[in-house]
Amino acid sequence: MDKQVVLLSLLIFFFTVSISGVSSTTCPMDLSYVETFPWDASSCRDPVVDKEHCCQALLSVIGMGLAEHLKNTSYFQLPDENTSSICLSDFQTKVSALSINSSLVPYCFPRASDFVTNASTCAGIITVDDWKSKVGMISPLDTSCNGDMSDQTRCSLCTDAGLKVTSHLNSLDPNGTKCFYFTVLYASAIVNQYGPTNLGTAGCILGLPLSVKGSSNRKQELKLVFGLVGAVTGVVLGFVLILVYRKWDKRRKEDKYHRSVENGVRNSVLPNTGAKWFRISELERATGKFSQRNMVGQGGDGVVYKGTLSDGTVVAVKEIFDLETKGDEDFCYEVEIISKIKHRNLLPLRGCCISSDNLKGKRRFLVYDFMPNGSLSYQLSVSGANRLTWPQRKNIILDVAKGLAYLHYEIKPPIYHRDIKATNILLDSKMKAKVSDFGLAKQGNDGQSHLTTRVAGTYGYLAPEYALYGQLTEKSDVYSFGIVILEIMSGRKVLDTMNSSVVLITDWAWTLAKSGNVEDIFDQSIKEEGPEKIMERFVLVGILCAHAMVALRPTIAEALKMLEGDIDIPQLPDRPVPLGQEAFHSSLQHGLQTSVGSSSYFSSYLASYSSSTRTT
């Protein structure tokens, strides 16, 4: 009897061991979408493969599968390395069917372990429950990424929310390497109701390049027939043309690069400015080759990385995206303008860089001093938890006013910033405000307004006359400054999307001010901190600066004197009817054609935003 028990125990033991040693032989992700989803695979195809952009595209494509896996299992990554290897092998087979060199998959993903569950990847997050314990049940993603992401404004709000959440996770785990990727997966799989295989979700959240026309089997067949017919006669000619083109393109880029250096940068130092000319190798060392974990911000015109120079100086390195509308000469001219601006309330330029190579093409960079307290937008956000005190808010408003006054009056010709907003106001270690991002700045003729065909700026902050007619004056900046004052004093965003009856912060503030309830505009956290009369003065100056009519706004010099109490604030003039009022809708129904300052004027103003502005 004892022998039978021992024998039975041994059988159970060996059976358990054999079962535990069996690994999965199939990939838990359904990768069939790789061949059918209309993604743009042009960067991965011969004759010239753009490996950097190809790898980014392939990461986004496999990210769709990982997002679906997260949606179905609540796990952000795959269970083990064997499963990951099988999935990468299946993925390699799928992309090969699209005429993509299969060797690109192991090139882009050399380690199967990169997709395997690991608690050290990002703040110990493995499952959705872990995510919620770290980020919270409701995060900025849940309110900004839950709709149709094909809308550019909604996409921009979602991107901003993703950067805030990533910043929070990085603060919990500075060594985390995939917090940004986890944020992307969570937003596309859990938050967005359309899911990762939706065109808008894939294009915005996952950053997947999309094919405008999609794929067509008929076209593929025609291409194949054409290739077979012309193979014998075309292969030699094609090879020669490729060599000639590469040589010509390389020489063209080198010539253009050297011309830009000769025109804008000499002897490693920009002339008469003190700003340094950086080599791309210096910036790569400083930022860890522009690693994702060093990315601190991203907008429509570029991405910003935190870096440390060889001498220990901490800097912010901004890579400029817009390479089409501006040549090297224009870029160097702009750098020269920015470099000459020296003021304690304007972010100083430390240097710049222009790089060009066959693999990554042309790249441009601006290097600034790093601001450890981030942007005003962050300090006023949920993540920032409204930590700003009344004295800090007061000083920030005065700092911004002084910086703008310098641009408008102490430089000849004056400079109009054109994009004053909370994200472009940075705070140093002592919470001193510095106006940043002069990429949109425009020099003008002293004392004159300007008409421009290209309206640049940000939704909600643009002055009506600039958004509608392209009329640019110093008071265009004053309008944006007024919006910023109201945001600082109230803690609210420029656009209140939660309340359908009030759209702009100016409408909300105006209604309270005219009813004699100015104190209701104050942020709850500062109501008991400062003298009520002084805080009321700041609010009234903000409303006056953000008036719809140019003639009724003060200059920035006058606004500064009002803020400092040197001159009295005039009685608030009448303004257009707030959009939420019944009179506004009535005027639309009757088709009233009224002059500037009416509700129909404001209707045109808001309509113009969606077509003529860009969100940064």
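The values are calculated or read from the model by the stated rules, or taken from the named source; none is laboratory data. Since the model is a prediction, treat every value here as computed from it, not as a measurement. Neighbour counts are summed over all protein chains in view; Cβ atoms, including those assigned to glycine, are modelled from backbone coordinates with ideal geometry.
For segment 71-94, how many residues are touching a strand residue (DSSP E or B) at 6+ places or on another chain (Cβ under 9 Å), of a type outside the set (Val, Ile, Thr) and in a helix (DSSP H, G or I)?
Count: 3.
Scanning segment 367-394 for residues that are more than 26 Å from the chain's Cα centre (by Cα) and crowded, with 16+ Cβ neighbours inside 10 Å, which turns out farthest from ARG279 (Cα to Cα)?
TRP390
Being farther than 22 Å from ASP130 by Cα and buried (at least 20 other Cβ atoms within 10 Å of the Cβ) is the filter here, so list the residues in segment 161-201 that pass it.
THR201
Would you say ASP114 is under 26 Å from the mean Cα position of the chain (by Cα), surrounded by 16 or more Cβ atoms within 10 Å (Cβ to Cβ) and either in the same structural domain as TYR33 (by TED's automatic domain parsing) or modelled with pLDDT under 90 (or both)?
yes
So which residues in segment 192-203 are aliphatic (A, V, I, L, M) and within 11 Å of ALA67 (Cα to Cα)?
ALA202
Somewhere in segment 444-456, is a residue at pLDDT 90 or above and farther than 23 Å from GLU319 by Cβ?
no
Hey, ALA119 hits all of (1) among the small types (Gly, Ala, Ser); (2) without any contact (Cβ under 8 Å) to a residue 12 or more places away in the chain; (3) part of a helix (DSSP H, G or I); (4) under 18 Å from THR177 (Cβ atoms) but one; which does it fall short on?
(3)
Return the residues of segment 503-537 that are among the aromatic types (Phe, Trp, Tyr) and outside any loop (DSSP other than H, G, I, E, B); say none if nothing qualifies.
Once the filter is applied, which keeps residues that are among the aromatic types (Phe, Trp, Tyr) and outside any loop (DSSP other than H, G, I, E, B), segment 503-537 yields TRP508, TRP510.
Looking only at segment 289-309, count how many residues are in contact with a helix residue (DSSP H, G or I) (Cβ under 8 Å, 6 or more places away or on another chain) and over 19 Å from ASP369 (Cβ atoms).
The number of residues fulfilling the criteria is 5.
With the requirement that a residue be more than 30 Å from the chain's Cα centre (by Cα) and assigned to a helix (DSSP H, G or I), what does segment 95-105 give you?
Within segment 95-105, just SER96 meets the criteria.
Taking the criterion of being under 16 Å from CYS27 (Cβ atoms), under 26 Å from the mean Cα position of the chain (by Cα) and without any contact (Cβ under 8 Å) to a residue 40 or more places away in the chain, would at least one residue in segment 68-89 satisfy it?
no
Residue-by-condition table, conditions (1) more than 21 Å from LEU426 (Cβ to Cβ); (2) over 22 Å from the mean Cα position of the chain (by Cα); (3) free of Cβ contacts under 8 Å to residues at least 40 places away in the same chain:
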site	(1), (2), (3)
TYR469	yes, yes, yes
LYS475	yes, yes, no
LEU486	no, yes, no
MET489	no, yes, no
